Structure formats: structure tokens, C-alpha cells
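Worksheet for the structure shown next.
The values are calculated or read from the model by the stated rules, or taken from the named source; none is laboratory data. The shown structure was predicted, so the numbers you read here are calculated from the model rather than taken from an experiment. Virtual Cβ from ideal backbone geometry, glycine too; neighbours counted across all protein chains shown.
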Ligand SMILES: Nc1ncnc2c1ncn2[C@@H]1O[C@H](COP(=O)(O)OP(=O)(O)OP(=O)(O)O)[C@@H](O)[C@H]1O
Ligand SMILES: [Mg+2]
């Protein structure tokens, strides 16, 4: 079962919200309803579910109801109608006491402008949630210190928030949210107030933390690049407060549900989203443990390559062997390939974005080898594949200049494939 | 015109309200008087018991620690001057009266301010009352105070308290309303109860503003000193009034200087305290 289950959620701000519901059902627009009743429709019939341990990003333009939505989950804002089930229990039916328990132990929140208490130092801020929950001083201090360590703020325990930079303040916000080890983390534009460099760094660190912690993260952003980078799945809210699409980054890029989403994703830098793992090709390899120059030459001839990647018995990449060296080895009657393996090749992890490979791709003679954390060979990414990705993102009409060497490469490639 | 005046006699209505209060609320006002008297006696004792020089030393050190060296120097010279002019006892009486009035004023004003900040309805009722209280000439407070509490320092404290209450209410209300939404949201999102939110988030964040209200309350209380002297509150008010009624310019002037010295001392010290609470956040 999904961890969070949202069913037909509506939130209407205004003097008499329930009066607006029948108008919504009739299909009137947000503007018409505002004119008729003075009510603002912020969320309009949202239904979806969030799985355990996924990073679920809600994305939309300003005023699309993102903040309202995330505040409905912990009832900082009371939803108008609908159901929000967390672990099967309806948040909206909880009494005050139960709701406080959920806020204290089940989910915590990180705010856009940090929301730190200015009169408390870092460690006392981080302790806040534990303190209101009634934990003893020693116990909560220990947990707070651990959370501070987790976000890399060791040594700043006694600093006041006003003495810290924005990025550091948000780390305090994050530590405060992590201190009680909640299952769900609500993050409302948590990185939007930070400057771009720090922002990217915080995104990376969140991804890093997530690989260790496996929380369920609900992350709000208005920035599609951020959504694509950190989201396992993305929900796109339209300006009318309606859910337009829910899907993985690739699904949304490849198959936008409607014109609104299409327009949205048009300007995305695809090379930042598409990863080496997605565009890698399989490539023949020889195994240093059992294959000799003979076998290597045969494979190269068969595929029309002038080189071949060499792996060991565990498929861990050893290097590359050129056809000239293979011929030499054969002449010298050496069966072992190891003496001629050239280790001067570039490698990358499958999750590296294409944009980050471009510079390397232009520089290297060989394709870039894709290997996993343990060095196991997965396939190759060549210059042509990267260029194809870059061109895909451009409008069909725009013709960009292409270097002659790239055209040659592409031609070679086609010959090779044929 | 006179006939209409007889039918709707505003002053008469006021008079009958006061009459009714004196008859039926006697026990209540006696109780208040008892409380005020207790506090006033206590404070007066604290300031009258030690020798003047020791109190001057304490004030000077306080001014130095809390404010600046300059303020400390001013305090030293100023209070020595008061001692030299021979108004020490009167100054301490006035200080006690001001402190008693301010303590009661804050005890009443800050909770009302908190209540006003939590409820728009309450604020809509309280605000016009505060406006009324602040625009009414200070003398007018003396009449009900005397009628309900007789003459002497106790009605002096009561009139001063009522006159100086509004800024405490206003600035407490303002301070809490100005606490950033995200801080309030954060407190709630981490499971704070309403009282935890008030004590751990709202009041500390609003403290600099509330302290500014305390400062204004003290200043207003001081400005009532001469007026409350008219109902026998004693202290420096009496000195100044004597100067006025007996046309003794020297006495009136000396009393005035003593009030100014006290005012500057209290203002600088509370101002520094309020800046301090602001700097911390
Ligand atoms: N307290 C409120 N009273 C009335 N209307 C509100 C209230 N809060 C939000 N709204 C309205 O609800 C809609 C959604 O607002 P919300 O703040 O959720 O948008 P958002 O997607 O978070 O925007 P942003 O990117 O600017 O933060 C807007 O039209 C807004 O004007
Ligand atoms: Mg928002």
C-alpha cells in the first residue's frame, strides 16, 4: 500500500468555501468562481499516491497551489474536502492530540525561508521538535548533535542563525527536520531562496543523504530542472490547481500529458536530465583471463572497430586494446593481452548527466566507458550519442553548426553499425 | 438645548456609573487597593531602606552594565545632584510609584496584548478603547481614581497605571502579529501546542517590540507624576505642584530637573535592555 494516499482533495480559500464546490463540479474556471463567490480555488480535485521511500516532487508555477498542498498534508492548512491517508489513517479526521503526535514523530517540514527561531542557537533550534514532544534534555541533545553532524554543521552548534549563511541556515532547518527521524520529510521550496551554486550543492547533498536515509520526501519546487534532478516521480500542477501529470522524469519529458506540460518541458535542458545510463550502447568486450589477440581481432573486425574494451572475469573494466597492438601480440605469439592494455580511457557512472560528459567526449579518442560503482563494465557512450541528445533538445528548425570531425565520427559510426 | 442636556446628560451617566461602582463594587476596589498598597509599600521600602549613596552606586553600575559608560556617568552625577538638592526621598517615592504602576500595567497590559494578537474580534474591541484612553486628557483619570480609591498614592498608582497601559497592549499585540508566518508555521509543524508556541516562539521573537512597549509605558507613567501629585500621590509631583501653587520658581524648577534625571535614567536603561533583546535575535 502507498504511504500517502490523496483522494479528491480540494482546498478553497474564502468566506464560504463549500459553496464553491458545486461550481467546480459544473466546470467553472478559477477566475469565474473567484468572481462569483470571492473564493480562491487553490487545489482542485487532486488524487494520487506517494510510495514509501520515494522522492516525490510537486512542481508548478507561482500560485498553482504547491504550498497549499504541502500544508494540507500536515494540516497547517485545513483542506476543504477530500481524504489524505497516511499509512491508511485519514489525517483530516484526526483530533488535535493525534495530529500533534503525527507532526512530532511521523513527518517534519523544511521551509523556504528556513523558519528558524532567531533567539535560539543552532543546537537549540534543532532540538525544538524533540523539546515540544517532551523528550529529556540529554536524550534530545544527543539526537540533535547527531542530526547536525548528518548535515555537515559540526562545530556550529553554538552559533546563532543570524551568524550563518543562507545555505547553512537551511542545513539547520534540515537538521531540525531530521532530528526526530521522521518517516516523511516535507520540503516547501527548501532550496529556492539559496543562490544557484549553493542550491546545486544542497540538491546533491539531499540526494546523498537520501541514499543513506531512505525517507519519503515530498519536495515542492517551481524549478523543473530541480524537479527532474531530485524527483523519483514528479507531479505537475496546472495554474488552475489541477494535477496535470504524475510520472517519472523520463516519462514526463518523453510523453507530456497535455499542451501545458509540453510547453513546460520544452525549455528543459535535456542534457541535464538524460544520463549516461540512458544512452549507453552495448559494446563487445574481450576477457583478459580467457581471450587472446586472435579473439580480440576477430571481434574488432566483426564490429568494424579499431579498438575493444578489455574486462576481467568479473567484467570489471581493465582498459582498451587497439587493433595494431592485437596484431603485434599475435605476431609475437603472446597470448596474454595484459601487456598491451591501454588504461588511458575515460569512464563514467550511469547516473552522470550527458551535459557533464560533453567536454570529455570532445577530447577523447575512444568512447567513454560506463561502469558501475564496482567498476563493472556496462556499455559505452560515444560522441555521436551525446551530440544526438544535444540536438534532440533543439527546435527542429534551428540548424546548429557541426564540426567536421563530428560528422566524420558520425559517418564512421554509421559504417560501424552497418 | 438645556432640556436635551437634561434628557441625555453624558456627564450624568458617567456620574451614575461611578456611583453604582462605589456602592456595589466596594469589595472589588478594596481588594485592588490592598494589592497596590502591598506592592507599593514593598517597592518603597526597597528604595528607602538602603543609604542613598549605595542606591546611587547600584544605579550607576546597572547603567554601566546595561547601557554605556556615558549613561553611567550621567546617572552618577544626576542622582548625586538630586541628593544635593535635597529631593532624595521624594525621588525614591516617585520611582516606587512608577515601578508599582508599571508592574501592574504590564501584568494587565501584556496578557491583554497577547489576547488581542490572537483574536481579531478582541482586537477590534480593544483598539477603540485604547484610542479613547490615550486621547482622554490625563486629568480625567483622576476623578474616578479619587472617587473609587480616595486620596493618596494608591489612586495615584491606579491613574498612572491606566494612563500608561496602552503602549504595553499595543506593542505586545504588534510584536506577536509581526512574528514571521514561517516561524509560527514551523512551531506548529513540529507539534507545538498553542501555549508552547506562545512561550517558545512568539514571545521571544516579539520580545524587542514588547520591550519597546515597556519603555514607552515607563515614560508615560513618569509623565503622570505631576498630575497624580494633585491627588496627593506625593513624591516629586508634590514638589513641582508646590512650586506652581506657591509661585516658588526655584522649587518647581528643582523638582522638574529631578523628574528629568529620573526619566533619562529609566529611558536609557530600558532602551538598552530592549536593544539587547533585539540584538540577540
Ligand atoms: N490564506 C490564503 N487566503 C486566500 N487565498 C490564498 C491563501 N493562501 C493561498 N491563497 C491562494 O491560493 C493559491 C495558491 O497559493 P499557494 O501559495 O499554494 O501557491 P504556490 O504554488 O505555493 O505559489 P508560490 O510559488 O508563489 O509559493 C493562490 O491563488 C493564492 O493566492
Ligand atoms: Mg509557495
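(1) more than 16 Å from ligand 2 (Cβ to nearest atom); (2) free of Cβ contacts under 8 Å to residues at least 40 places away in the same chain: which one isn't true of residue A:40, the others all being true?
Failing condition for residue A:40: (1).
What is the one condition in (1) buried (at least 22 other Cβ atoms within 10 Å of the Cβ); (2) within 16 Å of ligand 2 (Cβ to nearest atom) that residue A:231 does not satisfy?
Unmet for residue A:231, out of (1) buried (at least 22 other Cβ atoms within 10 Å of the Cβ); (2) within 16 Å of ligand 2 (Cβ to nearest atom): (2).
Counting only residues that are at pLDDT below 85, give me the helices (runs of 4 or more DSSP H) lying completely in the stretch A:216-288 with at least 3 of them.
Because the criterion is at least 3 residues that are at pLDDT below 85, the helices (runs of 4 or more DSSP H) in the stretch A:216-288 that meet it are A:249-254, A:259-266, A:270-273, A:276-279.
Can you tell me which residue is farthest from the other protein chains (Cβ to nearest Cβ) among those in the stretch A:47-70 that are farther than 12 Å from residue A:235 by Cβ and near ligand 1 (Cβ under 8 Å from one of its atoms)?
My answer is A:61.
Out of B:255, B:229, I need the residue that is more than 25 Å from residue B:166 (Cα to Cα), surrounded by 22 or more Cβ atoms within 10 Å (Cβ to Cβ) and away from every other protein chain (no Cβ under 14 Å). Which one?
Values: B:229 fails: more than 25 Å from residue B:166 (Cα to Cα).
Within the list B:255, B:229, the selection yields B:255.
With the checklist (1) outside any helix (DSSP H, G or I); (2) within 16 Å of ligand 2 (Cβ to nearest atom) in hand, flag the one item residue A:48 doesn't pass.
Among (1) outside any helix (DSSP H, G or I); (2) within 16 Å of ligand 2 (Cβ to nearest atom), residue A:48 violates only (2).
Filter the stretch A:176-200 for residues that are more than 16 Å from ligand 1 (Cβ to nearest atom), surrounded by 19 or more Cβ atoms within 10 Å (Cβ to Cβ) and not in a helix (DSSP H, G or I) and give the result. First the steps, then the outcome.
Looking only at the stretch A:176-200, we keep the residues that are more than 16 Å from ligand 1 (Cβ to nearest atom), and these are A:176-185, A:195-198, A:200.
Next, from what is left, pick out any that are surrounded by 19 or more Cβ atoms within 10 Å (Cβ to Cβ): A:176-180, A:182, A:184-185.
A:179, A:180, A:182, A:184, A:185 - these are the residues of the stretch A:176-200 that are more than 16 Å from ligand 1 (Cβ to nearest atom), surrounded by 19 or more Cβ atoms within 10 Å (Cβ to Cβ) and not in a helix (DSSP H, G or I).
Being within 16 Å of ligand 2 (Cβ to nearest atom) and under 25 Å from residue A:40 (Cβ atoms) narrows it down to one residue among A:191, A:219, A:264; which is it?
Step by step, each of A:191, A:219, A:264 is checked, and only A:219 is within 16 Å of ligand 2 (Cβ to nearest atom) and under 25 Å from residue A:40 (Cβ atoms).
Take residues that are in contact with a helix residue (DSSP H, G or I) (Cβ under 9 Å, 6 or more places away or on another chain), closer than 20 Å to residue B:102 by Cα and more than 14 Å from chain A (Cβ to nearest Cβ) and tell me which of the helices (runs of 4 or more DSSP H) falling wholly in the stretch B:141-218 contain 1 or more.
The qualifying helices (runs of 4 or more DSSP H) are B:142-149, B:153-177.
Can you give me the number of residues within the stretch A:217-232 that are within 20 Å of residue A:68 (Cβ to Cβ) and away from ligand 1 (no atom under 16 Å from the Cβ)?
Selection size over the stretch A:217-232: 2.
Just to check your reading of the model, which residue among A:203, A:266 is more than 13 Å from the chain's Cα centre (by Cα) and away from ligand 1 (no atom under 16 Å from the Cβ)?
Exactly one of A:203, A:266 is more than 13 Å from the chain's Cα centre (by Cα) and away from ligand 1 (no atom under 16 Å from the Cβ), namely A:266.
Mind checking which residues of the stretch A:79-111 are out of contact with any helix residue (DSSP H, G or I) (no Cβ under 8 Å at 6 or more places or on another chain), without any contact (Cβ under 8 Å) to a residue 40 or more places away in the chain and more than 9 Å from chain B (Cβ to nearest Cβ)? Don't jump to the end; show me each part of the working.
Applying the first criterion (out of contact with any helix residue (DSSP H, G or I) (no Cβ under 8 Å at 6 or more places or on another chain)) to the stretch A:79-111 yields A:87-90, A:92-93, A:95-98, A:100-101, A:105-106.
The next check asks that each one be without any contact (Cβ under 8 Å) to a residue 40 or more places away in the chain; those that pass are A:89-90, A:92-93, A:95-98, A:100-101.
Once the filter is applied, which keeps residues that are out of contact with any helix residue (DSSP H, G or I) (no Cβ under 8 Å at 6 or more places or on another chain), without any contact (Cβ under 8 Å) to a residue 40 or more places away in the chain and more than 9 Å from chain B (Cβ to nearest Cβ), the stretch A:79-111 yields A:89, A:90, A:92, A:93, A:95, A:97, A:98.
Going through the stretch A:152-188 one residue at a time, which ones are within 14 Å of chain B (Cβ to nearest Cβ), touching a strand residue (DSSP E or B) at 6+ places or on another chain (Cβ under 7 Å) and more than 16 Å from ligand 2 (Cβ to nearest atom)?
Selection gives A:174, A:177, A:180, A:182, A:184, A:185.
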